[in-house]
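> Below are the structure tokens for one structure; questions will follow.
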Amino acid sequence: MKIGFIGLGNMGIAMAANLLKAGHEVTVYNRTAEKAQPLVAQGAKRADDIAQACAAEVVITMLADDHALESVVYGEKGVLECLPKGAIHISCSTISVALSEKLASDPQRAAQQFVSAPVFGRPEAAAAAKLFVVTAGHATSIDKCQPIFDAIGQRTFRFGDKPSNANLVKLSGNFLITSVIESLSEALALVGKGGLDQREYLEFLTSTLFTAPVYKTYGNLVIEKKFQPAGFLAPLGLKDVRLVLQAGESLRVSLPLADLVRNRFLTLLANGGESLDWSAISQISARDAGLK
């Protein structure tokens, strides 16, 4: 399949590499052009602008936030203007429900198709093609995109024909991850202050009632304080919690834990945590407990 890929951050570069490995013809674009070089060395074509990346059957965007995606889609010579009729725009970005609804319903899209397909998994999962893909949109379009999802992930979950459904699932999932980080951090601070070995405690948890990968992954990051290089930057964590709260307000759903986690991110960033992994909010519980 002829694919354009826009956005070569930690996740995007790994996803595009797996598309190349699967035999797809991939043209890549990134504002910082040198980020495309490793993919060019693997056989990708480098696009000089968004329009060149859109000369494809499918264009995939993997961008940081609503603003970045809107500029790529609605800017001059952007996706909206340059993607051919009948081609599909797949958004893998973690964006607001409102923007997803706008992208799906915008009358300017003409005969373009839109599929929302955010992913779950850290960069190491992306590199191993072990992402979980959450998708929503017209069934025929998703069927056409399935070989793409198979190349980047281990399983695809469909949530109906309304693209924003996938974004709501993604935001709710990220909210749960941050809630796990916060609650696990508090528990580790408690047992640590009580003189117990935190690593033994984590082994107990993840071998009994809390065997989910999220506890193992983030428990080890918290204990080892492995916050750099960041797999997922703290400012993006704050962005996602903010989008969760926006969705909750729109749907009239109270999310008190999201408010708490939002404040944790604000505290982390106010104290110089811009470059840290989002799991670094754990250090606030440790500090409040008087732990070094």
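> With charges set only on the Cβ (+1 for Lys and Arg, -1 for Asp and Glu), what does the dipole of the chain come to about its Cα centre, in debye to the nearest 20?
In total the dipole reaches around 260 debye.
> Still on this structure, I have one more. I need the phi-derived Karplus couplings for region 102-109: 6.51 cos²θ - 1.76 cosθ + 1.60, θ = phi - 60°, integer Hz, Gly and Pro marked x.
Calculated HN-Hα couplings, in order: 5, 5, 6, 9, 4, x, 5, 5 Hz.
> Further question: How do K292, K45, K239 rank when sorted from fewest to most other Cβ atoms within 10 Å of their own Cβ?
Result, fewest neighbours first: K292, K45, K239.
> For S71 and A98, compute 0.36 nm times the residue count separating them, minus their Cα-Cα distance, and round to one decimal in nm.
8.2 nm
> Another one. Over 18 Å between C-alpha atoms is what I'm after, so list which of K2/K45; K2/K102; K130/K239 land there.
Too far apart for the 18 Å limit: K2/K102; K130/K239.
> Once the convex hull of the alpha carbons of region 167-288 is built, what does its volume come to per residue, in cubic angstrom?
Enclosed volume per residue, from the Cα hull, is 105 Å³.
> Just to be sure I understand: of the beta bridges DSSP finds with both ends in the chain, what percent are antiparallel, rounded to 5?
Beta bridges within the chain, antiparallel portion: roughly 15 percent.
> If we count other beta carbons within 10 Å of each Cβ, what is the order of H89, H24, H138, fewest first?
H138, H24, H89
> Which of the lysines could be linked to K225 by a straight reach, that is with a Cα gap under 21 Å, when you skip same-chain ones fewer than 8 residues away?
By straight Cα distance, K225 reaches K193, K216, K292.
> Still on this structure: Kindly provide the helix-only [θ] at 222 nm of the chain, computed as the sum of -39,500 (n - 2.57) over DSSP H runs of four or more divided by all residues, to the nearest 500 deg cm²/dmol?
-16000 deg cm²/dmol
> Here's a follow-up. Which residue, A98, G86, T156, has the largest displacement toward the positive end of the dipole of region 47-183 when charges sit on each Cβ (Lys, Arg +1; Asp, Glu -1)?
About the Cα centre, the residue reaching furthest to the positive side is T156.
> If you fit an axis through the alpha-carbon atoms of helix 164-193 and take the longest principal axis of the Cα set of the chain, what angle between them do you get, 0 to 90°, nearest 10?
Taking Cα atoms only, the helix is inclined about 20 degrees.
> Among I13, I148, rank each residue by its count of other Cβ atoms within 10 Å, from fewest to most, as a rough exposure measure.
I13, I148
> Report the Cys residues of the chain lacking a disulfide-compatible partner, meaning no second Cys Cβ under 4.7 Å from their Cβ.
C92, C145
> Then there's this: Within region 71-100, name every residue whose backbone N is under 18 Å away from a label modeled 7 Å from Cα of T140 along the Cβ vector.
Within reach of a label on T140, which here means backbone N under 18 Å from a point 7 Å along Cα→Cβ, region 71-100 contributes 84-90.
> Mind listing the Cα extents of the chain along all three principal axes, in Å, largest one first?
Principal extents (largest minus smallest coordinate, Cα): 63, 45, 35 Å.
> With label points built 7 Å along Cα→Cβ from the Cα atoms of K2 and L176, find their separation and express it in nm.
Distance between the two pseudo-spin positions: 4.0 nm.
> Pull out the extension gain between T267 and Q37, defined as 0.36 nm times the separation in residues minus the alpha carbon to alpha carbon distance; nm, one decimal.
Answer, rounded to one decimal: 79.1 nm.
> Hey, another quick one. Would you give the gap between the C-alpha center of region 1-64 and the C-alpha center of region 188-262, rounded to a whole Å?
32 Å
> Pick out which of G192, G121, G137 has the largest mean-square fluctuation in a Gaussian network model of the chain, springs linking Cα atoms closer than 10 Å.
Most flexible of the set in this elastic network: G192.
> Compute the length gained on full extension between A128 and A110: take 0.36 nm times their separation in residues and subtract their Cα-Cα distance, giving the result in nm to one decimal.
Stretched out fully, the A128 to A110 stretch lengthens by 2.9 nm.
> Further, regarding this structure: Taking the dipole about the Cα centre of region 190-287, with the C-beta of Lys and Arg at +1 and of Asp and Glu at -1, give me whichever of L243, F232, L221 is farthest to the positive side.
Value computed over the given set: L243.
None of the figures in this text is laboratory data; all of them are computed from the coordinates on show. Predicted, not measured: the structure shown is a model, and the values here were computed from it. All Cβ positions, even for glycine, are placed from backbone atoms using ideal geometry, and neighbour counts span all protein chains on display.
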